[in-house]
Each structure stands twice: as structure tokens, then as C-alpha cells.
Amino acid sequence: MAIEQREVHLIHHPDGMPVRGDFAIVETSVGEPGEGQLLIRNDYMSVDPAMRPRLSNGQQPLNAPMLGGAIGKVVASRHPDFKEGDTVQHQQGFCEYALSDGKGVATLNPGDLPVTLFMHVLGGTGLTAYGGLLVTGELKDGENVFVSAAAGAVGSVAIQIARIKNCYTIGSAGSQEKCAWLKNDLGVDAVINYKDGQLRKDLKAAAPEGIDVYFENVGGDHLDAALPRMNPLGRIPVCGMISAYNTPGARSTGVTTLSNMIYNRITMKGFVVYEFNHLREQFISDMTGWIRDGRMQYRETIHQGIEEAPDALIGLFTGENIGKMLVALH
């Protein structure tokens, strides 16, 4: 018997900031699984800033289901590795039901932890922060760390790892509510609301002993402000440049302070999460321990219903979320 469901299609390639009209909610049906297949009812799906470039560069086809991380329950299976009732994680999000051949599907055993954590602090988001800071950033205990977009999904994990490593922490965010969460709940040493319009001045005041590691999520004015504050042999792991994602050609505001890299011998290096797959077991062990002992906190911004998925994605770029942005599908 076919199941009626809805899925999200991209119908226009965005030029600049995506708008609701770039997306469509399409009603379709999905059949029962054939031999070697399983049918998943998606319960939660993820939206992430890294999805934005695919919308304009042709990687996401028009008038076809979008892809993204999801967690759900197996409701029917003819696959030897999955049984009905299994909780699974996969990349066929943006739809209410997913028919899969099992490739890229992983069984989860969340135990007493909320299952949504495997979409952020215990998932790719957390591993991005963990590997980016400790491996690419070569963080040492007690250093001075600046994290931009520190109230976002990756940034909030990165800045808490820095605190766990006994570092002096500086975080930037774009609202008073976000800054209050960073300061009062996460215990960040110095918090900057970059929308106050004096980022360079505020960062100089917040970093009297300079910055050893700048975890870069924003680019543009943030990078321009951070470079003069970097200490000799400082490191800049580049996770993202969200300030550029919605501009023509993905161009950020000009950076005028790159000459600071020369005599201070600063290293700036990009990274992607799959570089750290070999660390996953250690990451899960560390992160689970930090969650249980209260040193790793998290927040979730959750939209309800698949019809809200486009707004959730757009909301990432308007600063709507604190912590991880999710969509609950059922």
C-alpha cells in the first residue's frame, strides 16, 4: 500500500538570500519496500548553513527532492541489516518518508539521551567543532580562543570545548538573547554583539593578550577584525563564511588585514568534517562524558512540520536560531 507524504523541492536557484518562493512542498506517495530496501518515517530533519551553496551552484537539481540529514524510525524492512522499529540516521531528509536501499543509513542506540543530539552535539555538527578546533586549530590547553557565530550549532560546541580545555574564550553573536546565553549559561569569558557596529574595537578590548586560535564561521568583517589580534604562530581553522553565502558569487566583505599573517606566521586552513572520521569513537566518548557531567550544554530551535522546512533553512541566515536548527516532521 502506498503512503501519501510530502517532500521539499527546490524550484528556483536563489540569487542572494533564499526566499520562500524558491521552494515547493510537493505531495507524493511512496510504496512498500522491495527486496533489500527499508521504509523510514522521518521524525526530525536538519538544516545547515552548508546547504546554502548547493542551492545556487547546481548541485541541487530543480524540481527534485532536497537532501539533508534526518533521523527516523524504520516502519517496514526487507533489508537484512534493519528491522522494523529501528531508530536510524540518514541523508534523505526534506521528506516525511524515505525509501532506502540502506546505503548511508546508520542505526542509532541513543539510550537515555535525546535522539536529536545525534544531529548536533553528538553528530556531524559536534565532530566539525571537535576536529576543527583540536586538529586543524591545534588547540593547546590554556590558549586564547575567539569563536565567531558562537551561539550557532557548531560555534556553541567549539567555544565550550575551548572552555573545557581551560582556554580564555571570546564569542561573537548577533543578538542580546544569544549573547546572554553565551555569557550566563555557557560561561564565555568575553561576549561581543557584532551588531553593535564596533566589532574591531570590541574584539581588541576583549583580547588584551591576543588570540591564539580563531575558529572562523563568518568571514568578512570578523576575519578583518581578528587578524590584527592574532598572536605569533596563531591558527585560524576555517569552518565557514556564512556572511558570504547569500551574496553574488559568494563574496564576503573585503579583508584588509591579511598582511598580519606574514610576520606573525599565522596559519589559516579550511577543513571538512569527513577528515575527522577516524576520531569518531573518541569524539563520541568525550562528548557523551561532557554532556553527562554538564560541561557541554546545547539548545535547539525546532520548527514544526515539513511545510516549515524552507523557513527553517532561511532562518539560519537571518539569525533566527540559537544552537541547532531542526524541523520536527511528525
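The values are calculated or read from the model by the stated rules, or taken from the named source; none is laboratory data. None of the values given here were measured: they were computed from a predicted structure. Neighbour counts are summed over all protein chains in view; Cβ atoms, including those assigned to glycine, are modelled from backbone coordinates with ideal geometry. Surface accessibility is based on the protein's heavy atoms, side chains included, excluding ligands, DNA and RNA. Shrake-Rupley method; radii C 1.70, N 1.55, O 1.52, S 1.80 Å.
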- [ ] Collect the residues in region 285-310 that are surrounded by fewer than 16 Cβ atoms within 10 Å (Cβ to Cβ) and part of a helix (DSSP H, G or I), keeping them in residue-number order.
- [x] Ser285, Gly289, Arg292, Glu307
- [ ] Could you please give the count of residues in region 203-221 that are part of a helix (DSSP H, G or I) and either surrounded by fewer than 17 Cβ atoms within 10 Å (Cβ to Cβ) or out of contact with any helix residue (DSSP H, G or I) (no Cβ under 7 Å at 6 or more places or on another chain) (or both)?
- [x] 3
- [ ] Can you tell me which residue among Val238, Val188, Val218 is under 12 Å from Ser172 (Cβ atoms), in contact with a strand residue (DSSP E or B) (Cβ under 7 Å, 6 or more places away or on another chain) and not hydroxyl-bearing (Ser, Thr, Tyr)?
- [x] Val188
Open item on the list: Tell me yes or no: at least one residue of region 245-265 is touching a residue at least 24 places away in the same chain (Cβ under 8 Å), of a type in the set (A, V, I, L, M), surrounded by 20 or more Cβ atoms within 10 Å (Cβ to Cβ) and not in a loop (DSSP other than H, G, I, E, B).
Closed with: no
Task: Residue in region 289-298 that is hydroxyl-bearing (Ser, Thr, Tyr) and under 16 Å from the mean Cα position of the chain (by Cα) present - done: yes
Open item on the list: Just the residues that are under 15 Å from His9 (Cα atoms) and either open to solvent by less than 10 Å² (accessible area, probe 1.4 Å) or among the hydroxyl-bearing types (Ser, Thr, Tyr) (or both), please, taken from region 61-92.
Closed with: Met66, Gly68
Task: Any pair with Cβ under 8 angstrom, 6 or more apart, that starts in region 162-174 at a residue that is among the β-branched types (Val, Ile, Thr) and ends at one that is part of a loop (DSSP other than H, G, I, E, B) and open to solvent by 30 Å² or more (accessible area, probe 1.4 Å) - done: Ile164/Arg295; Thr169/Asp189; Ile170/Asp189
Task: Residues that are within 16 Å of Asn260 (Cα to Cα) and surrounded by fewer than 24 Cβ atoms within 10 Å (Cβ to Cβ), drawn from region 224-239 - done: Asp224, Leu227, Pro228, Arg229, Asn231, Pro232, Leu233, Arg235, Ile236
TODO: Give me the pairs, please: first residue somewhere in region 91-114 and farther than 14 Å from Val30 by Cβ and in contact (Cβ under 8 Å) with a residue 12 or more places away in the chain, second residue anywhere and part of a strand (DSSP E or B) and open to solvent by 40 Å² or more (accessible area, probe 1.4 Å), beta-carbon distance under 8 Å, and either six or more positions apart or on two chains.
DONE: Val105/Gln89; Ala106/Gln89; Leu108/Gln89
Open item on the list: With outside any helix (DSSP H, G or I) and open to solvent by less than 40 Å² (accessible area, probe 1.4 Å) as the only criterion, which of Ser156, Ser172 stands out?
Closed with: Ser172
Task: Every pair of residues 6+ apart whose Cβ atoms lie under 6 Å, when the first sits in region 45-62 and is within 23 Å of Gly305 (Cβ to Cβ) and hydroxyl-bearing (Ser, Thr, Tyr) while the second is in a helix (DSSP H, G or I) and modelled with pLDDT of 95 or more - done: Ser46/Met119
Task: Neighbours by Cβ (under 8 Å, 6+ apart or cross-chain): first from region 272-299, farther than 22 Å from Leu326 by Cα; second open to solvent by 40 Å² or more (accessible area, probe 1.4 Å) and at pLDDT 95 or above - done: Glu275/Val135; Phe276/Val135; Leu279/Val135; Arg295/Arg163
